[in-house]
Amino acid sequence: MARTEPAAQVPKRGPAPVQGIGMLIGLLFLVLGACELIPGITVGDGPARALFGVFAVSAAWTLGHLLTGAAAVFCTRSSGLSSRFLLVAGACYAVLGIAGLLPLPKAFEDVLPMNTAGVCLALGLGTAMLILGGGWLRRRPGRRR
């Protein structure tokens, strides 16, 4: 009986770092959205609600955070999806942060209230997501640094 060599096993690659970053950001948004629903953490009533007494929140912000978190967790299935999610969501949050700096109609402020802390958070998080997503897209998969 002839002995055959076992097939050379190719080491399995784990998830890319951008997938881990996307998962962390997704979980951050899900926890943030859940905290906005808890009465003790969200202070105030009606349009004057503030998360931790600092960040202005509304029902639209809560829904947006929960949907962003769910999309981020879903997009961690591949590194390409994760990096594209970081770019798109980062651009959206950066635009919302810039919009918070502009004088906007009262109807917009009622739906998406923005205070100084919220503007800084949206600009910072949006910029970080853009940098992380864009940096990962520039890397070629076959090239090592």
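When the residues of the stretch 17-47 are filtered to those that are in contact (Cβ under 8 Å) with a residue 60 or more places away in the chain and of a type in the set (Val, Ile, Thr), which remaining residue is nearest to Asn115 (Cα to Cα)?
If we take residues in the stretch 17-47 being in contact (Cβ under 8 Å) with a residue 60 or more places away in the chain and of a type in the set (Val, Ile, Thr), then Ile25 is nearest to Asn115 (Cα to Cα).
Where the second residue is at pLDDT 90 or above and surrounded by 18 or more Cβ atoms within 10 Å (Cβ to Cβ) and the first is over 15 Å from Ala50 (Cα atoms) and among the β-branched types (Val, Ile, Thr) and lies in the stretch 115-128, which pairs have Cβ atoms under 9 Å and are six or more apart or on separate chains?
Qualifying pairs under 9 Å: Thr127/Gly90; Thr127/Tyr93; Thr127/Ala94; Thr127/Gly97.
Applying the selection to the stretch 69-96, what residues are of a type outside the set (Lys, Arg), in contact with a Cys (Cβ under 9 Å, 6 or more places away or on another chain) and surrounded by fewer than 21 Cβ atoms within 10 Å (Cβ to Cβ)?
Leu81 - this is the single residue of the stretch 69-96 that is of a type outside the set (Lys, Arg), in contact with a Cys (Cβ under 9 Å, 6 or more places away or on another chain) and surrounded by fewer than 21 Cβ atoms within 10 Å (Cβ to Cβ).
Limited to the stretch 17-41, what total is found for residues that are buried (at least 17 other Cβ atoms within 10 Å of the Cβ) and among the β-branched types (Val, Ile, Thr)?
So the answer is 3.
Could you run through the stretch 42-68 and say how many residues are exposed (fewer than 14 other Cβ atoms within 10 Å of the Cβ) and either touching a helix residue (DSSP H, G or I) at 6+ places or on another chain (Cβ under 9 Å) or among the acidic types (Asp, Glu) (or both)?
Final tally of qualifying residues: 8.
Could you tell me how many of the residues in the stretch 97-117 are more than 16 Å from the chain's Cα centre (by Cα) and buried (at least 20 other Cβ atoms within 10 Å of the Cβ)?
Count: 2.
What tally of residues in the stretch 56-102 results from selecting those that are without any contact (Cβ under 8 Å) to a residue 40 or more places away in the chain, closer than 14 Å to Leu130 by Cβ and not aliphatic (A, V, I, L, M)?
The total comes to 3.
Residues are listed down the side, and each one gets a yes or a no for (1) aliphatic (A, V, I, L, M); (2) within 24 Å of Arg13 (Cα to Cα):
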position	(1), (2)
Ala34	yes, no
Asp45	no, no
Ala48	yes, no
Pro105	no, no
Leu112	yes, no
Gly134	no, yes
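The values are calculated or read from the model by the stated rules, or taken from the named source; none is laboratory data. All figures in this text were calculated on a predicted structure; none of them were measured in a lab. Positions of Cβ are generated from backbone atoms using ideal geometry, with glycine treated the same way; all protein chains shown enter the neighbour counts.
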